[in-house]
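Visitor: I am attaching a structure below and will ask some questions about it afterwards.
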Amino acid sequence: MIDFIVKKEWRDHADKMATGEKFNETTIKECGEGQVAGTIGELAFGRYLIDSGLGFDYVAQDSFDHDFEVMGSRIDVKTKKSVGKPKPNYMIRVPLSQRDQDTDTYVFTYLSDDRIWLLGWEDKQDFWRGRKSFVAREGDIIDGFVEKVDCRYMFVDDLNNFESFEMSFVAV
């Protein structure tokens, strides 16, 4: 897990980019409040890529399906807003409505008020095959949380770490 302090510039940029409306049919929150968290997650992942020396293109403004392209791999950043530091038994989710997005890899982040954690990553195909992920239906209660939409979920502890992320590009 990698963590960053949320910079004022990141928050200001994310606030400026937010529309206050539902982004698309895969948006869970009608008011679009997840846009700010999502943009901060993208900025943190971009910072990680720069720090790691991995070249990338940021394509979120031009692509419905993914946020970054790294050496031909399409990456979608998924950010959850919550409080406190994430724990290994916390869950990440991807709504079933996003299954057909044209992306290769999910990167999962977790945003609190002043910090953001890059939790790990998972190959999209592996995620949907259920190698380490599980099905949840709208209304299911899982670990005290009522699911708002059909989805697949994984535990943070089961995500791939970022050392293996970097190595997957070195090996190419």
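The values are calculated or read from the model by the stated rules, or taken from the named source; none is laboratory data. These numbers were taken from a predicted model, which means no experiment stands behind them. Heads up, the Cβs are rebuilt from the backbone with ideal geometry, glycines too, and the neighbour counts pull from every protein chain shown.
Visitor: When only residues in the range 143-166 that are aromatic (Phe, Trp, Tyr) and either in contact with a Phe, Trp or Tyr (Cβ under 8 Å, 6 or more places away or on another chain) or under 13 Å from residue 2 (Cβ atoms) (or both) count, which is surrounded by the most Cβ atoms within 10 Å (Cβ to Cβ)?
Guide: 165
Visitor: Within the range 127-146, track down each residue that is closer than 16 Å to residue 76 by Cβ and at pLDDT below 95.
Guide: The answer is 133, and nothing else.
Visitor: Please enumerate the residues belonging to the range 105-162 that are of a type in the set (A, V, I, L, M) and within 20 Å of residue 39 (Cβ to Cβ).
Guide: Scanning the range 105-162 gives 107, 111, 116, 118, 119.
Visitor: Show the residue pairs that are 6+ apart or on different chains and have beta-carbon atoms under 8 Å apart, the first residue being within the range 47-66 and under 21 Å from residue 169 (Cα atoms), the second being among the hydrophobic types (A, V, I, L, M, F, W, C) and in a loop (DSSP other than H, G, I, E, B).
Guide: 49/56; 54/71; 55/71; 66/59; 66/60
Visitor: Related question: What's the number of the only condition in (1) in a strand (DSSP E or B); (2) touching a residue at least 40 places away in the same chain (Cβ under 8 Å); (3) over 17 Å from the mean Cα position of the chain (by Cα) that residue 148 fails to meet?
Guide: Single failed check for residue 148: (1).
Visitor: For a quick check of your reading: which strands (runs of 3 or more DSSP E) sit entirely within the range 93-142 and have at least 2 residues that are under 16 Å from the mean Cα position of the chain (by Cα) and without any contact (Cβ under 8 Å) to a residue 12 or more places away in the chain?
Guide: The strands (runs of 3 or more DSSP E) meeting that bar number zero.
Visitor: Which residue is modelled with the lowest pLDDT, if the candidates are limited to the range 47-64 and must be surrounded by 14 or more Cβ atoms within 10 Å (Cβ to Cβ) and assigned to a loop (DSSP other than H, G, I, E, B)?
Guide: 63
Visitor: List, please: which pairs have Cβ atoms under 6 Å, are six or more places apart or on different chains, and start with a residue in the range 2-24 that is closer than 23 Å to residue 63 by Cβ and in a helix (DSSP H, G or I) and end with one that is of a type outside the set (Val, Ile, Thr) and modelled with pLDDT of 90 or more?
Guide: 10/43
Visitor: Name every residue in the range 76-109 that is farther than 22 Å from residue 135 by Cβ and modelled with pLDDT of 95 or more, in order of residue number.
Guide: 77, 109
Visitor: Need the failing condition index for residue 111 against (1) closer than 24 Å to residue 167 by Cβ; (2) crowded, with 20+ Cβ neighbours inside 10 Å; (3) of a type outside the set (D, E, K, R), just the number.
Guide: Evaluating residue 111 over (1) closer than 24 Å to residue 167 by Cβ; (2) crowded, with 20+ Cβ neighbours inside 10 Å; (3) of a type outside the set (D, E, K, R) leaves (1) as the failure.
Visitor: Given (1) buried (at least 16 other Cβ atoms within 10 Å of the Cβ); (2) hydrophobic (A, V, I, L, M, F, W, C); (3) over 23 Å from residue 168 (Cα atoms); (4) out of contact with any Asp or Glu (no Cβ under 7 Å at 6 or more places or on another chain), identify the lone condition not met by residue 36.
Guide: Status for residue 36: all satisfied but (4).
Visitor: Another question about this same structure. With respect to residue 122, is the statement that it is in contact with a strand residue (DSSP E or B) (Cβ under 6 Å, 6 or more places away or on another chain), at pLDDT 95 or above and over 23 Å from residue 6 (Cβ atoms) true?
Guide: Taking the combined requirement at face value, the residue satisfies it.
Visitor: Do we find that residue 70 is surrounded by 11 or more Cβ atoms within 10 Å (Cβ to Cβ) and touching a helix residue (DSSP H, G or I) at 6+ places or on another chain (Cβ under 6 Å) in this structure?
Guide: no
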